[in-house]
Amino acid sequence: MSPTPPPFPASTVLGYPRIGPRRELKRALESYWEGRSTRAELERVGAGLREATWRRLADLGLEGLPSNTFSLYDQVLDTAVLLGAVPERYLAAGDPYFAMARGTEGLAPLRMTKWFDTNYHYIVPEIGPGTVFKLDASKPLAEVREARALGYGTRPVVLGPVTFLLLADPSGAALDRLDEVLACYEELLAALAAEGVAWVQLDEPALVADRTPRELAAAGAAYDRLGSAAARPGLFVATYFGDLGEALPVLAATPVEAIGVDLVRGGAAALPELPGKTVVAGVVSGRDVWRTPPGRALAALAGVRADRVTVSTSCSLLHVPYDVEAERDLDPGLRGRLAFAEQKVAEVVALSSALPSALSSAPAGEGPRGAAVPSAPLTAPVPREGRSPYPVRAAAQAEHLRLPVLPTTTIGSFPQTGELRAARAAVAAGALEPDAYERLVEAEIERVIRLQERLGLDVLVHGEPERNDMVQYFAEHLDGFAVTRNGWVQSYGSRCTRPPILHGDVSRPGPITVRWASYAQSLTSRPVKGMLTGPVTIVAWSFVRDDLPLRDVVLQVADAVREEVRDLEAAGVSIIQVDEPALRELLPLRRASQPEYLEWSVSAYRRATSGAGDRTQIHTHLCYSDAGEILAAIDGLDADVTTIESARSGARILGAVGGFGRGLGPGVYDIHSPRVPDAGEVEDLLRATLRALPAERVWVNPDCGLKTRAYEEVEASLGNVVEAARRLRAELTDAGR
C-alpha cells in the first residue's frame, strides 16, 4: 500500500511558459538546428530557463512548483520518448528527437496538429504493431534533481496515459495498448517515489471532450490500477479546457487523491461533492490575458465541496505571455486590466491567501473582465450580393483567368529575411524612415514575383514581406486592437506569435493590403492573389474581450474583412485568398455545441467574402487541424478553392474529399520540415489526389506559408512541385482529359 501523501500545496499552476521571456529557447534551438551550436549548449539554455522559472515562481509565493513542463519542442513528443514510442525509422538519425519533430533529408517528420482548441501544435505519437513500450524516465527524474539542487521540491507533470493514447495514431486503436503503457507508468511512479517525490501530475485533458463508454471505462481502469500501485507519489489528475461531465464520477471513484478542474470554462455549479479528494480548482484563466475578478473567483472556490481546495490556473500558462510589465507602450488603462503569466501566478497566490475567509462568506462575483467600452450594436445581416452559385462562378473564372489544369500556387508568405526583420524593427524604433522601408518591401516583392515566374508557378503571391504575422499585421491596421512588443506565445517548436489584444469594437479605418497587392500585380501578367486573414482566425489568434459573445466579435471582424475584399477587387485583383486555418481549432470540444458554432463561423466567412463578383476567385486555406472532421463546413464556406494541409499528415484528408464540390489543393510539400521533397514524392501525392478528385478541381500547392523556411529550400522544393505538376499535366493532355 502506498503511503498517504502530504497535503497538496494550497497554490499551484499547471504549467508555465518555456520559450523564455526574450525567446531565448527559440534562438538556441535555431542555432542548434543550423549547426552553429552543440546539443550541450542547447541543454544549458534550457537549464537556465528552468532555473529562472522555479526561482520566480517561488519568489512570487507559489507553494506547488511544477517540473517537467519544460520541453525542447513539445510535451507530447516528450511523452512518446518517455514511453519508448520512437518509430524505428528515426533511431538511426543523428538526433532522433528532432528528426521526429522536424524530419531530416530523406525522412519525413511525424504528423503535427492542434492541441485541442488552442493554437499550440503538438507532435502526434505514432504507435504501430512493432511499437515496444519501454520507460525512459531520465528527463522527469533529472528535472526533479535539478530543482532539488536549487533548493526546490517539485511536482513532475506528465501527460496521462489515456490522453496520450487517444491523441496517438492510429486514432482509437492505440487505446488497445493501454495495459502495456500502464506498466511504464507504474514503473515511472515507483521511480519518482524512490526519488522522494510527494506528488505527480498526470494531465488528462482528453476527458473533457465527449468520450465513449469504452474510453471512460479505460480511464477508470487506468487510474484504479495506478492508484493501487504499491509505491507511488500522490496522484493528481489534471483536466482542463472544459467540464469533465461524465468523466468526473469515473475519476472520483478511483484512488487518485487530487483532481484538477477548469472552473473558468467548466464552472463550479456542476461539481458534485467530492469527499476524500483534493480539488485543484482552476479559477485563474490560462487562456486569456484579463485580470481575474477576485470576487467571482472566490465565489467559485467557495462552491467547491471537497476535503481540500487548492487554488490554481485553469490550464498551463503556456498559452499566455510572460509579463505585462514588459509592455510599457500599451495604454495604461488597458495595461491595468491585463494579467500575463507572472501576474496570474500572483493572482493564484493572493486568492489562496483569501480563500479561508471566503469559505465562510462567498462574495458576489464581478462581471466580464475584458470590457472597457460599451459595445456597438451588432450590424444587420449583410446580403450576399454578387455571388452566384459555384458552377456559374467557376465558368466565369475559367474564362477570365484561363489557368491550366493542375494550377500551381503557394499559400502566401515567402521567407522573411533578416534584413526585412531588422528594417521593420528600425522603423518601429524611429531609426529608419518609412519611405526607405517601403522601398525595401517593394524590392522584396519584385524578387518574389521574379522567382515565381522563373519557377513557372501559375498563380503568384507577393510574399507578404511587409507583414510580421498573419494576424498581428491586420490587428495593427484595425481599430479595437492593441499589440505588444514582448507578448510572445509558443505555437510549436521555435515558432512564436504575439497574439493581439482585441479590447474594443472592431472597424477598418482604411485599406490594409491594397497598396502591396496592386504593386505586385503591376509587375507581372500572371494573376497575383490578394492575401487576407479570415475573421474567425483573427479572433481565434487574439486575446479577445469577454463582454460580448464570441460570435458577435467575429462578425465585427468579418465586416472589416469584407470591406478589404471589395477594395482589392476594385483595384483589379482577380484572386483573393481569405485564410481560415483556425476554423477547426475553435470547434467546441463537446459535440452538442458544435452545430451552433459551425453555423455562425461559416456565416461569418460568407459575410466577409459576400461582396466579391463572379469573376473574382475566392480561395481559403486551412492547416494542421484535422480538417477532415469538418469538411462539410469547409464546403459551406463557399470558397471557390480551398488549399489544405495534407503532405505532413500522409494525405489522410483524401479519404474524406470525394464529395467535395469545389476546387481543392491538398498540400504536397510539408513546409514545417527543412527537408526538400523530390519531384517523385510530390508526384505520388498528386496521383493520390487525382484518384480522389477530378483533375479540373485539383490545385497544386504546399501545406502552408513559406515564411519560416530558407530561400534555398523553398526554391528547390517549389521547383520539384512545379516539375511534378508539369509531368502529370502532360499525361492528362496525352490522355485527352
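Out of (1) out of contact with any strand residue (DSSP E or B) (no Cβ under 9 Å at 6 or more places or on another chain); (2) buried (at least 17 other Cβ atoms within 10 Å of the Cβ), the odd one out for residue 41 is which?
(2)
Working only within region 63-81, note down all residues that are part of a helix (DSSP H, G or I), open to solvent by 10 Å² or more (accessible area, probe 1.4 Å) and not polar (S, T, N, Q). Give the derivation first.
Of the residues in region 63-81, the ones part of a helix (DSSP H, G or I) are 75-81.
Add one more test, that the residue is open to solvent by 10 Å² or more (accessible area, probe 1.4 Å), and what stays is 75, 78, 81.
Of everything in region 63-81, those that are part of a helix (DSSP H, G or I), open to solvent by 10 Å² or more (accessible area, probe 1.4 Å) and not polar (S, T, N, Q) turn out to be 78, 81.
Considering region 476-493 alone, what residues qualify as being polar (S, T, N, Q), open to solvent by less than 40 Å² (accessible area, probe 1.4 Å) and assigned to a loop (DSSP other than H, G, I, E, B)?
Taking region 476-493 and keeping what is polar (S, T, N, Q), we get 484, 486, 490-491.
Cutting the leftovers down to open to solvent by less than 40 Å² (accessible area, probe 1.4 Å) gives us 484, 490-491.
Of everything in region 476-493, just one residue is polar (S, T, N, Q), open to solvent by less than 40 Å² (accessible area, probe 1.4 Å) and assigned to a loop (DSSP other than H, G, I, E, B), namely 484.
Which one is least open to solvent (accessible area, probe 1.4 Å) among residues in region 438-460 that are in contact (Cβ under 8 Å) with a residue 40 or more places away in the chain and among the acidic types (Asp, Glu)?
Among residues in region 438-460 that are in contact (Cβ under 8 Å) with a residue 40 or more places away in the chain and among the acidic types (Asp, Glu), the one least open to solvent (accessible area, probe 1.4 Å) is 458.
Could you please find all residues in region 216-245 being touching a residue at least 40 places away in the same chain (Cβ under 8 Å), in a helix (DSSP H, G or I) and open to solvent by 30 Å² or more (accessible area, probe 1.4 Å)?
221, 225
Can you tell which of 85, 101 is at pLDDT 95 or above, more than 20 Å from residue 314 (Cα to Cα), touching a Phe, Trp or Tyr at 6+ places or on another chain (Cβ under 6 Å) and buried (at least 17 other Cβ atoms within 10 Å of the Cβ)?
Going through 85, 101 in turn, the sole match is 101.
Can you pull out every residue in region 681-697 that is of a type outside the set (Lys, Arg) and open to solvent by 20 Å² or more (accessible area, probe 1.4 Å)? Spell out the reasoning first.
Just the residues of region 681-697 that are of a type outside the set (Lys, Arg), to begin with: 681-686, 688-690, 692-696.
681, 683, 684, 685, 688, 690, 692, 694, 696, listed by residue number.
Among what's in region 159-196 and is outside any helix (DSSP H, G or I) and of a type in the set (Asp, Glu), pick the residue that is nearest to residue 629 (Cα to Cα). Show your work before the answer.
Of region 159-196, the ones outside any helix (DSSP H, G or I) are 159-160, 168-172, 195-196.
When the remaining residues are screened for being of a type in the set (Asp, Glu), the result is 169, 195.
Values: 169: 15, 195: 44 Å.
So the residue we want is 169.
Would you check which residues across region 90-106 are within 17 Å of residue 703 (Cα to Cα) and either assigned to a loop (DSSP other than H, G, I, E, B) or of a type in the set (A, V, I, L, M, F, W, C) (or both) and list them? Outline the logic, then answer.
Within region 90-106, the subset within 17 Å of residue 703 (Cα to Cα) is 101-103.
Once the filter is applied, which keeps residues that are within 17 Å of residue 703 (Cα to Cα) and either assigned to a loop (DSSP other than H, G, I, E, B) or of a type in the set (A, V, I, L, M, F, W, C) (or both), region 90-106 yields 101, 103.
From the residues in region 259-317 that are open to solvent by less than 10 Å² (accessible area, probe 1.4 Å) and in a loop (DSSP other than H, G, I, E, B), which one is farthest from residue 10 (Cα to Cα)?
Across region 259-317, the extreme among qualifying residues is 289.
Among the residues of region 204-215, count how many are surrounded by fewer than 18 Cβ atoms within 10 Å (Cβ to Cβ) and either more than 28 Å from the chain's Cα centre (by Cα) or not in a loop (DSSP other than H, G, I, E, B) (or both). I'd like the intermediate steps shown before the answer.
Our first condition is that a residue be surrounded by fewer than 18 Cβ atoms within 10 Å (Cβ to Cβ); within region 204-215, this holds for 210, 212-214.
Now drop any that are not either more than 28 Å from the chain's Cα centre (by Cα) or not in a loop (DSSP other than H, G, I, E, B) (or both), which leaves 213-214.
Counting residues in region 204-215 that are surrounded by fewer than 18 Cβ atoms within 10 Å (Cβ to Cβ) and either more than 28 Å from the chain's Cα centre (by Cα) or not in a loop (DSSP other than H, G, I, E, B) (or both) gives 2.
Which of the residues belonging to region 494-521 are within 24 Å of residue 21 (Cα to Cα) and buried (at least 23 other Cβ atoms within 10 Å of the Cβ)?
499, 500, 501, 502, 503, listed by residue number.
In region 698-737, which residue that is among the small types (Gly, Ala, Ser) and surrounded by 18 or more Cβ atoms within 10 Å (Cβ to Cβ) is farthest from residue 33 (Cα to Cα)?
First pass over region 698-737, keeping only residues among the small types (Gly, Ala, Ser): 705, 710, 716-717, 719, 724-725, 730, 735-736.
Among the residues that remain, those that are also surrounded by 18 or more Cβ atoms within 10 Å (Cβ to Cβ) are: 705, 717, 724-725.
Details: 705: 20, 717: 19, 724: 29, 725: 31 Å.
Of everything passing the filter in region 698-737, 725 is farthest from residue 33 (Cα to Cα).
For region 40-67, give me each residue that is in contact with an Asp or Glu (Cβ under 9 Å, 6 or more places away or on another chain) and of a type in the set (Val, Ile, Thr).
Result: 45, single match.
Contact list please: Cβ distance under 6 Å, first residue in region 654-667 and part of a strand (DSSP E or B), second residue polar (S, T, N, Q), pairs at least six apart or on different chains.
That search, which allows pairs on different chains as well, returns 664/642; 665/643; 665/701; 666/646; 666/689.
What's the total number of residues in region 653-711 that are at pLDDT below 90, touching a strand residue (DSSP E or B) at 6+ places or on another chain (Cβ under 7 Å) and over 29 Å from residue 470 (Cα atoms)?
The number of residues fulfilling the criteria is 1.
The values are calculated or read from the model by the stated rules, or taken from the named source; none is laboratory data. Predicted model, so just to flag it, every value in this text is computed and none were measured. When we count neighbours, we look across all protein chains shown, and the Cβ atoms used for this are built from the backbone with ideal geometry, even at glycine. Heads up: the accessible areas ignore ligands, DNA and RNA and are worked out on the full protein's heavy atoms, side chains in. Shrake-Rupley method; radii C 1.70, N 1.55, O 1.52, S 1.80 Å.
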